[in-house]
Each structure stands twice: as structure tokens, then as C-alpha cells.
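The values are calculated or read from the model by the stated rules, or taken from the named source; none is laboratory data. None of these values were measured; they are calculated from a predicted model. All Cβ positions, glycine included, derive from the backbone under ideal geometry; neighbour counts span all protein chains shown. The area values use the complete protein model at the heavy-atom level, side chains included, leaving out ligands, DNA and RNA. Shrake-Rupley method; radii C 1.70, N 1.55, O 1.52, S 1.80 Å.
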Amino acid sequence: MSTNQPPQAADTTVSGGGAPDARQLRAILITVSIALMAVIASVSGLNVAQTHMAVEFDASQTTVLWIINIYTLALAALLLPLGAIGDRLGRKPMLITGLVVFGAAGVVAGLAPSAGVMIAARVAAGISAAMIMPITLAVITSTFPEEERGKAIGVWTGVAGGGGILGMFLSALLVDVADWRWLFVLPVVLVVVALAMTLKSVPNSRERSLHTFDTIGALISTIAVIGLIFVLQEGPERGWTAPITLISLAVGVVAAIAFVAWELHRRDAALLDVRLFRERALAGGSITLLVVFGVQAGIAVVLFPFFQAVLGWSGLLSTVAMMPMAVMMMMTSNLAAKMAAKIGARSTMTVGVAVATLGLALMALFVSVDGGYLSILAGMLAMGIGMGLSMTPSTEAITSSLPRAKQGVASALNDVTREFGTALGVAMLGALLANGYRSAIDDKLDGIPGEAADTAREGIANAIEVAPKTGSHAQDLIHAAQQSFVDGWQQAMWIGAAVMAALLVHVVLRGPKSTAPLRPDDEAAPEAGAAESVAAR
């Protein structure tokens, strides 16, 4: 482990001055999992209400996408700075503040009279989510003893990985049986429960550093993340060569380079010591999470149109169809901690990535219009198992690479990696699917009226919508669009499998050899008499 850390110390205590007992550890884990679920469910929940928002607010598709994406943009941009601030000011106060603001933002969003108010509420929710998300993991890594930490991280990664799908299912259910505004009830209820449990059960911990807060690094990192995430979110909609896309890419890349240079200059006083990426654990864990979450998000982009446009299922039934993958992911995230303890982190990650790669290959091989859901079920299950086995040791590798007093930063880095992976996967696999669909359908439009053929080239949903206007060609056009979608699916899945295969080679050769326990902070600077340990309920 690197010893180039700032002199600092942190301690975690509970009321009564002792370490948390098994009962309190269980309460802490339940609390942070509920808080995390509120944040994760809000990432994808509004996707099922796009049409409803467009009609009620009389909003364009661009405005609706901003309502959805601004939350993720604010969340990703502020994870590192707010994670570091939580380390300094106290993790419990930061979590409480985040929960209060998040709940208030949910109430405002649920009652929003206009798109402008909704966007403002989503910005506030994204900022508060950036206060909550890294702290939930930091509380686990700074509170749980070494022998229990892996299992707790397994629960956390299961919620983080499967929570999005579960959130979409509950959101679709609420839209079907009630009203789209009820989508905000679930996160608010979760936040209220988490807040009450936080006040009762979660201990506080914070660190005192001899160095001032890296304000410049925090600002540069925020600019870098905004620029790069904006490109990935808006590129498919605005065009990859549009001026605003290219400008955002340039700003993001320049800011990212400037951030690395500044952090190397700050060295021990850095917001994030980038020198630690020389270590296998941090680099390997980050790369694995980036790719795995990218593929997972990309799979969702492919699966929902398949269920809805090819199989003709409702949004609710489509989310139900995703649940087996989410359940397997959440179950194996727990199993991964036990496997890593027995056979090592790298071996567990290797098995996970290999099984996930197999899942992609199975879907690419067997997906068909006639085979329907059963043609992809085996691949979905394998994907869920593989992602669950790879995410837990990857997360633990990242958090164990930084000292206990920097767990807010470590957790934020873990979360930023997930957000980047998600945005990258959606952009890449979505573009591959769209290009594959257009290439395949071009050869199947003979006899289709010109205007209808042009509409059909835009996507499978467009083809199905315009099909009734083509008279006797309607069924032929629908069948052509469905088959072309499957052809595009196969292309996207094979490329995804190739990316996962490359990751597999990397993990085998350069994956973390083991998951080291968190290094006590006082080992980094035993001479730092000015460093204080602060703990308060």
C-alpha cells in the first residue's frame, strides 16, 4: 500500500464509547442501504414517465431528457468534493443534511407546476444525492470491523447494482396503478425512514488534516466530470460532431488533465492522490467497475426496446422481465465477499467477469424474434451472476486503497467510476444498436413507401408507429423492424462481449492480488501530534 498520505487520523465511536456491536452494525447496514436505494431509484425512475411529463408540462423531448439527466449530472459532478467534505465535517451530519435536502427536493418535484421547477428540484436532488451516496459506503468502511466489512460491502454493491432495476419496476408499477407524480413518494418515504434510523443508529466519524481543503482540485474535478458526462448524455441526442458536444468534450478533457497535474502538485494535500492509481487494487477495481457498470447500463438500453417493441410488452411487464438479472446480481454480491475471502479478490473478479462475458455471448447467440424472452433469459441470468461476483471485490479494492480517514473520497471515487461507466455504456451500446438497426433495415425496405421507409430507419418504435400507414405492407414492415433490431442487438452484444473479454485479460494479469484491510491512519504519520481523532454522536 502507498504511504504517501496526508497526516491525519479518524476514529469511529458510538454512544457509550465502544465499538458498534452486532445489532448496531446490522442497523447501520440497513440504514445506509435504504438511503442508497432512495438515491439509486431516483436515477432511472423518471424514465418510465417521459410521455406523461411531456404532456403535462407541454415540454419538448429535450426538456424532458434534461429533467431526467440533470440529476445524474449533478450527482456525478459533486461526488468527489462532497465526499471529501464529509470526511472533514463529519459523515453523520453530511448524511443527515443530504437526506433532509433530498426529501425536500422530492416533495417539490412531486408537486412541481412547471418543467422549470421540476428541473430545479432535480438539481437539488442530485446535489443532495452526492452528499448521501459516498457517505453510505464510507460509513460501512469506517465502521465495520475487517472480518465483517466484505459482507457489508457486498450488500451495498447489491443495492447499488440491482437497485436501479428494482426502482424502475416500482416506478412503472406506480405509473400504471396511480399517477406519475407518485414516483416521488417512494424515494421520500425511503429518505424519511433512513433519516430516522440515521439519527438513532449511525455513529459519526470525521478526520482532521494538517492541510487545507483542496478547493481548486474540487472545482477542477467538478468541471471535468460535468464536461465528460454532458458529452455522453447529450452526444446521442445532439450529434457527436455538434459544436456544443465538441466544446464540452474539450472542456472535460482539458479539465481532467489539469486535475491530474494539480493533484500531483498538491501531493499529500491532494483531494485525490492520483499516485495511488499505480497500485493494482485501485486501478484494477476502478477499471472493472467502469466496464461492468457500462455493460450493465448498455444492456438495459437494449433490453427495454426488445421487450416493448419486439415482444409488445408494457413498461411494467418489461421491468418485471429484468428482475431475474437484478435478483441474481444482488444475491451473488453477498456471495462474492465470501468467495474473495477464500480464493482472493482477483480470482473472484476473474470468475465474475468470465461469467458476465459468457452471458453477453449467450444473448448474442440465441436472441431471436421467435424465441422471445426465453432466448435471452440464460444470458441475463449469467450477466447478473457475473456482475454480482465482480462488483463487490472491485468496490472493496477501491475503498481499501485509501486510509480510513479518506473513506468519503474513496467511496466517491467508486461512485464516480460507476456513473462514468453507466453514461459511457448507454452512449456506446445505444449507438451500436442504433447503427446496427439502420444497417440491417436498409435492405428490408423494398416496396415500403419512401416517407414511411425514412421514418422506419429512425428506430424500431418509429417503424411500428408508422406501419399502419403503409397498408398491406404493415406486417412486413413490423417484421423487418423487429428482425433488424435483433441484428443490431447481436452486433452490440458481440462488441460488449469483446470489451468484457479484454477486461478479463486485464483482471487475470493486473487484477488486485488481494483485498488489503484498511490501513490505520496513524501509521501514515505517527509523528503528527496535531492530528486529531474526532468522534461524536
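Quick look at the numbers
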read-out	value
First in region 385-407 and in contact (Cβ under 8 Å) with a residue 60 or more places away in the chain and open to solvent by 10 Å² or more (accessible area, probe 1.4 Å), second anywhere and charged (D, E, K, R) and assigned to a helix (DSSP H, G or I), Cβ under 6 Å, 6 or more apart	Arg404/Asp521
Region 330-341: number of residues that are at pLDDT 90 or above and either more than 21 Å from the chain's Cα centre (by Cα) or within 23 Å of Ala492 (Cα to Cα) (or both)	1
Residue match in region 272-292 (condition: surrounded by fewer than 18 Cβ atoms within 10 Å (Cβ to Cβ), in contact with a helix residue (DSSP H, G or I) (Cβ under 8 Å, 6 or more places away or on another chain), farther than 22 Å from Thr395 by Cβ and modelled with pLDDT under 90)	no
Output for region 303-322, where each listed residue is more than 17 Å from the chain's Cα centre (by Cα) and either open to solvent by less than 10 Å² (accessible area, probe 1.4 Å) or within 20 Å of Gly154 (Cα to Cα) (or both)	Leu303, Phe306, Phe307, Ser318, Thr319, Ala321
For Leu232: the one exception among (1) of a type in the set (A, V, I, L, M, F, W, C); (2) open to solvent by less than 50 Å² (accessible area, probe 1.4 Å); (3) at pLDDT 90 or above	(3)
So Val253, is it farther than 26 Å from Gly344 by Cα and surrounded by fewer than 22 Cβ atoms within 10 Å (Cβ to Cβ)	yes
Those residues of region 227-250 which are among the charged types (D, E, K, R) and under 18 Å from the mean Cα position of the chain (by Cα), in sequence order	Glu234
Hits in region 173-227 (condition: touching a strand residue (DSSP E or B) at 6+ places or on another chain (Cβ under 7 Å) and more than 30 Å from Ala261 (Cα to Cα))	Ser205
Leading residue by the ranking (surrounded by the fewest Cβ atoms within 10 Å (Cβ to Cβ)) among those in region 368-378 that are touching a residue at least 60 places away in the same chain (Cβ under 8 Å) and under 26 Å from the mean Cα position of the chain (by Cα)	Tyr373
Inter-residue pairs, beta-carbon under 8 Å, first over 18 Å from Asp179 (Cα atoms) and in region 52-69, second surrounded by fewer than 19 Cβ atoms within 10 Å (Cβ to Cβ) and among the charged types (D, E, K, R), 6+ apart	Thr62/Glu237; Leu65/Glu237
Test: residue in region 427-434 that is open to solvent by 60 Å² or more (accessible area, probe 1.4 Å), out of contact with any Pro (no Cβ under 9 Å at 6 or more places or on another chain), at pLDDT 80 or above and more than 30 Å from Lys92 (Cβ to Cβ)	yes
Exclusive hit being buried (at least 16 other Cβ atoms within 10 Å of the Cβ) and over 15 Å from Ala309 (Cα atoms), set Ala463, Ala453	Ala453
Tally, over region 84-95, of residues that are touching a Leu at 6+ places or on another chain (Cβ under 8 Å) and not aliphatic (A, V, I, L, M)	1
Matching residues, region 379-410, being at pLDDT below 85, closer than 30 Å to Glu234 by Cβ, out of contact with any Lys or Arg (no Cβ under 9 Å at 6 or more places or on another chain) and among the small types (Gly, Ala, Ser)	Ala410
Condition met for Ala525 (out of contact with any Phe, Trp or Tyr (no Cβ under 6 Å at 6 or more places or on another chain), at pLDDT below 90 and either buried (at least 17 other Cβ atoms within 10 Å of the Cβ) or more than 30 Å from Ser205 (Cα to Cα) (or both))	yes
Residue count, region 144-164 (criterion: open to solvent by less than 10 Å² (accessible area, probe 1.4 Å) and free of Cβ contacts under 8 Å to residues at least 24 places away in the same chain)	0
Condition met for Ala258 (over 30 Å from Val177 (Cα atoms) and modelled with pLDDT of 85 or more)	yes
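One line per residue, one yes/no per condition, for (1) surrounded by fewer than 22 Cβ atoms within 10 Å (Cβ to Cβ); (2) over 22 Å from Leu75 (Cβ atoms); (3) touching an Asp or Glu at 6+ places or on another chain (Cβ under 6 Å); (4) not β-branched (Val, Ile, Thr):
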| position | (1), (2), (3), (4) |
| --- | --- |
| Leu170 | yes, no, no, yes |
| Trp182 | yes, yes, no, yes |
| Val191 | no, no, no, no |
| Leu199 | yes, yes, no, yes |
| Phe213 | yes, no, no, yes |
| Ala224 | no, no, no, yes |
| Gly239 | yes, yes, no, yes |
| Ile244 | yes, no, no, no |
| Leu249 | yes, no, no, yes |
